[in-house]
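Following: one structure in structure tokens, then a few remarks.
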Amino acid sequence: MPSSPHIGLGLRDAAMALAEAKAVAMLKRRDFLIGAAAAGLLPAATTRGQTGWPQKPVTIVVPFGAGGSADLVARMFAQHFQAKHGAAVVIENKGGAGGSIGTGFVAKAPNDGYTLLVGTVSTHAINPSLYAKLAYDVERDFTPISPLVRLPNLLVVSNKLPVNSVPELIAYARANDGKINYGSGGNGTSSHLCAVMLASAIGCTMTHVPFRATSDEMNAMIGGHIDLAIDSMTTIWPLAKAGEVRALGVSTPQRVATAPDLPTIGETVPGFEATGWQGLFAPAGTPQDIVEMLASEVRRIFSLPEIVTALQSVGGDPLPMTPDDFAQFTRAERVKWAAVVKGSGVRID
């Protein structure tokens, strides 16, 4: 039987009333959400840059092996960045040639903010003077974002070496000229050049044994295969505290707070100073809003109390800067280390 026109009209009126009620409810929910967000009652939305970045995983290339100080600070940054922004952060270790292999890889990566580099004093200050040829130009191919941390180097020796202080080491090295070998994180790294500087300063020769990573270098020392190393305190201080290697001194001009009884090398070898640093870089041409956002994130993350405490416990100090200040800093570092490289006579073809 066909429906009565009055019944059909009633159904239409009911449907319209229901739709109107839903619309009012949606408006009320919208007003509630706006008010709640303004009051800070809702979880913060994932933060994105003006370009919507990041919308996919971000890769941070560490141009050294896993387990070293650059790897450590990269993972600190990645953990806290990922927690805030939601996008996955992948740490990719590309070690070799004093960090120049991984650095060259990032120099040729797309400048879209999805491939970043943890550069170091080795890759961006020492290598340009040390290597006759590099696959990248540190000034032309990179956009500096911010330093992450400043790191003292620690002079350590194998427990089998019969020395307990820097003066004893100098006397032993001179009496056994050419018989001591030293490790490093690779040719051209700051750990390599620091040992060259020390040998030159105390007037003896030592044999260089390069490794792909600080962790490999320390394993060799613990195993009794190398005698000496000057490498990042962040990585090797825990081994010294555990008695697996013997710490003799730090490379900074002043003693470090975490080990106040440990002398500086300069207390015995006047003028000796070699401080490391690590910073975040992007390929040249990366959008400025992404660069500024990343620099802001470095300031935020490396000001967190737990990060500051963790770094200071192993001798490190957070070192955030603006991108412009970091660019000036790296230029000054290149001038400083160029003089050191020239004075050392070391050159790698």
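I'm trying to understand the selection: among the residues of region 277-312, which are open to solvent by less than 70 Å² (accessible area, probe 1.4 Å) and of a type in the set (V, I, T)?
T286, I290, V291, V298, I301, I307, V308
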Out of region 313-343, which residues are in a helix (DSSP H, G or I), surrounded by 15 or more Cβ atoms within 10 Å (Cβ to Cβ) and not basic (K, R)?
P323, F326, A327, F329, T330, E333, W337, A338, V340, V341
Name the residue, out of V106, V118, that is touching a helix residue (DSSP H, G or I) at 6+ places or on another chain (Cβ under 6 Å), modelled with pLDDT of 95 or more and not basic (K, R).
V118
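Every residue, every condition in (1) without any contact (Cβ under 8 Å) to a residue 60 or more places away in the chain; (2) farther than 25 Å from N176 by Cβ; (3) open to solvent by 10 Å² or more (accessible area, probe 1.4 Å), yes or no:
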| site | (1), (2), (3) |
| --- | --- |
| M221 | no, no, no |
| A242 | yes, yes, yes |
| R246 | no, no, yes |
| V256 | no, yes, yes |
Candidates L198, L169 - the one that is touching a strand residue (DSSP E or B) at 6+ places or on another chain (Cβ under 7 Å), modelled with pLDDT of 95 or more, open to solvent by less than 30 Å² (accessible area, probe 1.4 Å) and not in a strand (DSSP E or B)
L169
Counting only residues that are over 24 Å from the mean Cα position of the chain (by Cα), assigned to a strand (DSSP E or B) and within 13 Å of S184 (Cα to Cα), how many does region 220-253 have?
1
Of the conditions (1) touching a residue at least 40 places away in the same chain (Cβ under 8 Å); (2) farther than 23 Å from F64 by Cβ, the single one that E292 does not satisfy is (1)
Could you tell me whether region 127-137 includes any residue that is at pLDDT below 95 and under 16 Å from the mean Cα position of the chain (by Cα)?
no
Applying the selection to region 263-281, what residues are under 13 Å from N153 (Cα atoms), assigned to a loop (DSSP other than H, G, I, E, B) and at pLDDT 95 or above?
P263
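The values are calculated or read from the model by the stated rules, or taken from the named source; none is laboratory data. This structure is a prediction, so every number in the text was calculated from the model and none was measured. Here Cβ is always computed from backbone atoms with ideal geometry, including for glycine, and neighbour counts include all displayed protein chains. In case anyone asks, the SASA skips ligands and DNA or RNA and just uses the protein heavy atoms, side chains included. Shrake-Rupley method; radii C 1.70, N 1.55, O 1.52, S 1.80 Å.
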